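**Q** The structure that follows is given in the form of structure tokens.
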Amino acid sequence: IEAKPRNTTRSFGTPNCCIYSGHTDSVICLQGTDQYLISGSVDNTIRLWSIQQPTCEVVLEGHTDWVRCLHVFCNTLASGSDDQTIKIWDLETQGCIQTL
């Protein structure tokens, strides 16, 4: 689970693209916050990627089928899945607080 910066740089020398590796299947949804890039995948997981350090900080597991959509509000993440559930996650504790 590591991000590999590409050698693509802007004229002032800072990287403008990173490759985030870690999911074991396709990523099909993304959301961003000030702290994280959040990805949902066909591998049934949600990953929280650090924006400061291009690494996976947290893997949220609980869905039993593809994670199709994500929505962040305050410190809460809602995820929708092909398992016909919506899960509500607390981004501070990184735990599932409700399944609908």
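The values are calculated or read from the model by the stated rules, or taken from the named source; none is laboratory data. Every value quoted in this text rests on a predicted model; they were computed, and no experiment measured them. Cβ placement follows ideal geometry from the backbone for every residue including glycine, while neighbour counts extend to all protein chains displayed. Please note that ligands, DNA and RNA were not included when accessible areas were found on the heavy atoms of the full protein model with its side chains. Shrake-Rupley method; radii C 1.70, N 1.55, O 1.52, S 1.80 Å.
**Q** Give me the net charge for the shell around D65: Cβ to Cβ below 10 angstrom, other residues only, Lys and Arg +1, Asp and Glu -1.
**A** Combined, the nearby Lys, Arg, Asp and Glu give -1.
**Q** Next question. Just to make sure I understand: if all protein chains stay in place, what is the order of R47, R68 by accessible area at 1.4 Å, largest first?
**A** R68, R47
**Q** Once both labels are modelled 7 Å past Cα along the beta-carbon direction, what's the V42-C74 spacing in nm?
**A** 3.6
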